[in-house]
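The values are calculated or read from the model by the stated rules, or taken from the named source; none is laboratory data. In this text, all values refer to a predicted model and were calculated from it rather than measured experimentally. Here the Cβ positions follow ideal geometry from the backbone for every residue, glycine too, while neighbour counts run over all protein chains shown. When the accessible area is computed, the model is the full protein with side chains, heavy atoms only, and any ligands, DNA or RNA have been set aside. Shrake-Rupley method; radii C 1.70, N 1.55, O 1.52, S 1.80 Å.
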Amino acid sequence: QQPVPPESIRRSVSVDGDIILGGLFPIHSSAETSSGESRCGRMESHRGIQRMEAMIFTLQEVNLNSSLLRYGRHKIQLGGLLFDTCSKDTTALERALEFVKSSLNQEVVGTSYSCLYGNGTILPAVRYSAIVGPAASASTGRAIAKPIRGVVGGAYTQVSVQVANLLRLFAIPQISYASTSSVLGDKTRFEFFARTLPSDVEQARALADIVVHFNWTFVSTVFSKGDYGEGGIQSFESELDKLGVCVAERLLINLEPTKAELDVIVDRLREQQTRARVVVMFTREDHTELFLDAVRRANLSSGFVWLSADGWGKSSLPVKNNTAVANGALTLEIASSEVPGFTSYFTGLRPRGPRAVDNNASFSNHFFDEFWQQKFNCRFVVDPTKNDTVACRDNMRIDAAKFRQEHKVQFVYDAVYAFAHGLEQAKRLVCTEQPPDADTKASGLFDQCVANLSSFPGKELYNLLISPENFFVNSARRKVQFTKNGDGVGAYRIYNYRRNRETGHFDYQEVGEWSNSTGLSWRPDRQIFWSGSLLDVPRSRCSEECEPGQRRMYGRTGAGKDRCCWSCTECAAHQRVADTRDACEDCGELEGPDWNKTRCLRLQVQHMQWGSWYSAVAMALSSIGIICTLLVVGTFLRYNDTPIVKASGRELSYLLLSGCLLCYLMTFLLLMKPSTVACCIQRVGIGLGFSVMYASLLIKTNRIARIFEAASSSARRPQFISPRSQLCIGACLVGVQLGCSALWLMLSPPGTRIQQPSRLEAILRCSIEEKSFLVSLLYNMILIVVCTYYAVRTRSIPENFNESKFIGFTMYTTCIIWLAFLPLYFGTQSSFEVQICTLCVSISLSASVALACLFTPKLYVIYFHPEKNVRRLTLNSGHHRKHASSSGSCGNHKSGSLDSSSTNRLPPQLYRCADKLTSWETTASVSSPVAAATKAAAAAADTADSVRRAEDDDSSSACDSIEMRNLQHSSGGNLADHQQ
């Protein structure tokens with residue numbers, strides 16, 4: 001009886017060739033017997049069979065490629081030994097042992113002895129495909145097994161990990177077409193492992209970039225137990241940690257999850273639904289289906305946004321019964337292209353027939369026969385006892401229009417070609433170069449070259465495989481190259497599972513792509529429809545962003561979930577929000593935050609602007625004062641020789657007007673942008689203007705007081721009452737102010753400074769303190785006080801000397817202004833504009849009070865009563881004649897007035913004395929005619945004497961002398977009557 005081969009041999013496909021590559025594919029799913037033993041389950045018709053046939057297709061294409069592995073006229077043929085792993089790591093490890101046995105060059109002898117398996121079966125070497133391409137020895141009759149030079153596979157990460165651990169012991173290179181776990185990137189453990197697709201580290205980066213793109217900061221994760229799920233989610237969470245995104249729930253799906261376990265996971269997600277709507281999935285395909293089933297049972301069809309790795313991809317299995325639950329999901333799939341020619345190859349295959357190999361050998365793939373029966377639900381051998389079986393017909397065909405290449409087919413194709421190019425590199429190293437037409441088989445060089453390639457060190461072959469020089473462009477025009485860790489170039493397509501509005505069916509729509517070179521890119525012609533077919537991006541945040549100017553306040557630890565869950569608090573006005581958004585930082589000196597407090601900017605230095613309302617008010621008042629002052633000056637110059645101008649004391653009046661004008665001009669200096677020159681002029685000008693003005697008033701009040709005091713005590717004229725003397729006194733008084741100002745400038749040189757009344761204000765000001773400025777006005781305050789004192793003393797002089805009353809009113813008002821100015825000036829330090837405006841207005845008001853009170857009455861007489869602006873120094877008036885004729889015995893005496901000849905002899909500078917003399921005459925004649933005549937005669941004599949002195953003196957001295965005489969004559973007991 002023919003011995004039965006072991007399970008590992010029966011579940012394989014052998015393609016003869018000179019160099020043999022191994023292949024591991026998940027043709028069947030994993031299952032367990034009732035006793036708990038592992039076995040192969042149902043065929044995975046949509047994945048494994050396509051991948052296995054893709055390797056066979058690629059081997060044939062490489063063997064037909066004239067440029068690869070050609071040695072002389074002959075081609076070095078690639079063969080393969082392909083196994084089914086049954087999607088189980090232990091099964092895959094058992095199959096991989098066959099590769100090791102072949103690599104150990106085990107000798108297999110005909111039917112007498114080949115290999116003793118555990119069940120005692122003796123396997124003939126030539127019958128079964130465990131031994132590929134036996135080369136029978138004519139002398140010994142033995143067959144030598146060909147070694148496996150490399151392995152394509154496996155698919156699942158746990159399978160690749162187990163196989164890689166075994167193959168590394170025998171230095172057999174391995175290229176996976178589907179294992180993406182980051183664990184396999186550890187070259188200290190898997191130094192012979194490579195893959196034609198990127199690591200899950202790249203996929204984790206892609207998922208993290210999508211999360212950040214949509215501004216999701218609080219997500220949950222669901223992952224499968226094993227290297228794929230746990231390794232992928234670990235890489236993903238590592239990327240999230242760098243980007244400041246937090247994980248709300250971290251949920252693990254066991255290898256064989258129950259419904260109850262999955263329901264608990266869904267309930268955990270439901271608790272975080274209001275804040276963490278996005279769920280990132282790193283799950284196997286079968287786990288994805290079971291998990292979505294649990295979500296459907298919980299009736300959460302529109303509660304979450306699913307963001308899945310390539311374990312879901314474009315697969316139809318997870319969404320088969322869960323279209324409503326999966327609606328709006330974003331899934332990733334490694335970017336791949338259809339392999340040209342494979343569709344026609346696969347759809348043209350027929351079952352139960354041997355397939356020819358170029359070296360006149362043949363093989364068969366019984367896995368394809370099983371696939372055929374499952375796809376068409378038929379049997380090659382019909383059991384007559386079963387009525388539900390249908391015989392497979394010869395006209396059954398795979399519909400090429402409906403056929404879709406499985407997305408890992410390209411990576412199987414690339415893996416085989418990578419081995420072919422690597423062996424080509426090795427051939428150039430170990431085989432002597434031959435011309436293209438050389439018959440290398442006849443010369444024995446071909447067999448020698450094959451033997452050299454078969455014994456080429458595995459480590460060197462692996463280095464050739466992943467070297468930068470070993471790149472190629474596949475038939476889909478995609479560049480195939482490995483990184484230094486043996487990983488493929490990372491590129492992923494992003495799909496949105498949604499309802500097609502045209503057909504009404506759910507399907508996957510490509511909406512974007514991610515690569516490690518260009519990053520994330522979205523297709524502008526494709527919109528993303530989220531759960532519930534909404535276009536608005538769902539929010540997935542623990543806490544909303546703080547308003548501009550606010551910082552985050554985290555929980556107790558500030559780590560983990562607390563890092564994404566915070567409350568907001570306002571930063572101080574002078575602080576900016578730190579780049580980490582969780583602290584406030586003080587801005588530097590003369591710096592302040594911008595409007596949203598994200599950076600500190602140099603403060604804008606402020607100063608008075610000509611266009612501000614404060615400046616407008618101050619300049620308007622000052623301009624009016626300047627105009628009025630110039631009007632008064634012009635009037636006095638025009639009527640310079642009239643009695644009322646002369647009587648007002650022209651010299652002191654002009655000095656007073658110059659002080660007023662200087663005060664008005666100070667407004668414009670105070671409103672200028674501070675500079676060293678402007679500050680110097682301000683220091684001198686303000687005090688100078690006040691000193692000129694109040695020195696003039698002081699001299700006037702002092703002169704009147706001294707005249708009346710001297711008149712009551714003696715006939716001697718007071719000293720220093722002439723115009724020249726008054727100007728000298730005024731110059732001395734002003735000189736004191738100038739001296740103090742000069743000393744101040746020397747002790748504290750003028751300049752500017754930037755003042756900060758608050759952290760956010762920078763004001764350019766003159767470098768003087770408010771207290772120093774107040775001290776500088778102390779001298780003027782003394783002048784005001786003294787002047788007011790004299791104004792009070794002279795308040796009751798005769799009506800004819802009523803200018804002292806105007807001076808008194810001026811000083812009272814000035815005192816009120818200055819008393820109000822001090823609290824206003826120091827109380828408005830919080831606003832420099834108000835403070836400077838207050839100073840300008842106070843200076844202008846001080847000048848305006850003096851200008852209005854002292855000069856308005858004179859202008860009124862000059863312009864509206866010019867008849868009063870005349871000399872009354874003659875007796876020709878009816879009033880004087882009347883009193884003269886009634887005087888009786890005094891008829892021959894002159895009535896106390898100057899005759900016309902005396903009047904004509906008066907110089908012009910004495911005309912202003914006429915009012916004083918006439919007033920005295922009138923008053924005296926009314927009180928006593930006799931006494932009036934007597935006193936008039938004495939006054940006339942004194943006046944004549946004063947007239948003669950006036951020839952050599954000035955008008956003021958003459959008038960003062962006359963005034964003194966009049967007061968002396970009136971002081972004979974009645975002076976008090978004039979001072980009531």
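A few comments on the model shown:
- The single condition among (1) out of contact with any strand residue (DSSP E or B) (no Cβ under 8 Å at 6 or more places or on another chain); (2) over 30 Å from K479 (Cβ atoms) that R404 does not meet is (2).
- Residue check, S301 in a loop (DSSP other than H, G, I, E, B), of a type in the set (S, T, Y) and either open to solvent by 10 Å² or more (accessible area, probe 1.4 Å) or on the phi < 0 side of the Ramachandran plot (or both): yes
- Total residues in the stretch 307-335, condition in a loop (DSSP other than H, G, I, E, B) and among the hydrophobic types (A, V, I, L, M, F, W, C): 6
- Residue count for the stretch 407-439, restricted to those that are open to solvent by 60 Å² or more (accessible area, probe 1.4 Å) and either without any contact (Cβ under 8 Å) to a residue 40 or more places away in the chain or among the basic types (K, R) (or both): 4
- Pair list, Cβ under 7 Å, 6 or more apart: the stretch 251-270 residue small (G, A, S), other residue not in a helix (DSSP H, G or I): none
- The stretch 670-688, residues that are open to solvent by less than 50 Å² (accessible area, probe 1.4 Å) and outside any loop (DSSP other than H, G, I, E, B): L670, L671, A678, C679, C680, Q682, R683, V684, G685, I686, G687, L688
- Unmet requirement for A125, which otherwise passes all of (1) part of a loop (DSSP other than H, G, I, E, B); (2) at pLDDT 90 or above: (2)
- Filter pass, V786 being modelled with pLDDT of 80 or more and farther than 30 Å from D586 by Cα: yes
- Strands (runs of 3 or more DSSP E) wholly inside the stretch 131-240 containing at least 1 residues that are modelled with pLDDT of 90 or more and of a type in the set (S, T, Y): 174-176, 218-224
- L197 closer than 30 Å to G154 by Cα and either touching a residue at least 60 places away in the same chain (Cβ under 8 Å) or surrounded by fewer than 19 Cβ atoms within 10 Å (Cβ to Cβ) (or both): yes
- Among the candidates T667, T635, residue that is under 30 Å from S758 (Cβ atoms), open to solvent by less than 50 Å² (accessible area, probe 1.4 Å) and in a helix (DSSP H, G or I): T667
- Residues in the stretch 294-319 that are β-branched (V, I, T) and either touching a helix residue (DSSP H, G or I) at 6+ places or on another chain (Cβ under 7 Å) or not assigned by the TED database to the domain that holds F506 (or both): V295, V319.
- K375 in contact (Cβ under 8 Å) with a residue 60 or more places away in the chain, in contact with an Asp or Glu (Cβ under 9 Å, 6 or more places away or on another chain) and either open to solvent by 60 Å² or more (accessible area, probe 1.4 Å) or not hydroxyl-bearing (S, T, Y) (or both): no
- Qualifying position, being in the same structural domain as G659 (by the TED database) and open to solvent by 50 Å² or more (accessible area, probe 1.4 Å), among S830, S844: S830
- Test: Q737 is farther than 25 Å from L697 by Cβ, open to solvent by less than 50 Å² (accessible area, probe 1.4 Å) and either in a helix (DSSP H, G or I) or of a type in the set (S, T, N, Q) (or both): no
- Any hit, the stretch 320-331, residues being under 25 Å from G488 (Cβ atoms) and outside the structural domain of F218 (by the TED database): no
- Highlighted here are the strands (runs of 3 or more DSSP E) found entirely within the stretch 1-75 that include at least 1 residues which are modelled with pLDDT under 90 and either loosely packed, with under 15 Cβ neighbours inside 10 Å or within 60 Å of the chain's Cα centre (by Cα) (or both): 28-32, 38-43.
- Annotation note: Cβ proximity below 6 Å between a residue of the stretch 213-230 that is more than 25 Å from E513 (Cβ to Cβ) and a residue that is in a strand (DSSP E or B) and open to solvent by 10 Å² or more (accessible area, probe 1.4 Å) (sequence gap 6+ or interchain) occurs for S220/E249; K225/L252.
- Within the stretch 265-298, tally of residues that are part of a loop (DSSP other than H, G, I, E, B) and either open to solvent by 10 Å² or more (accessible area, probe 1.4 Å) or closer than 21 Å to H407 by Cβ (or both): 8
- Residue within the stretch 604-621 that is farther than 30 Å from L661 by Cα and surrounded by 12 or more Cβ atoms within 10 Å (Cβ to Cβ) present: yes
- Close Cβ contacts (under 8 Å, 6 or more residues apart or on different chains) running from residues in the stretch 96-111 that are at pLDDT below 90 to residues that are in a strand (DSSP E or B) and among the charged types (D, E, K, R) comprise E107/R142; V108/R142; V109/R142; G110/R142.
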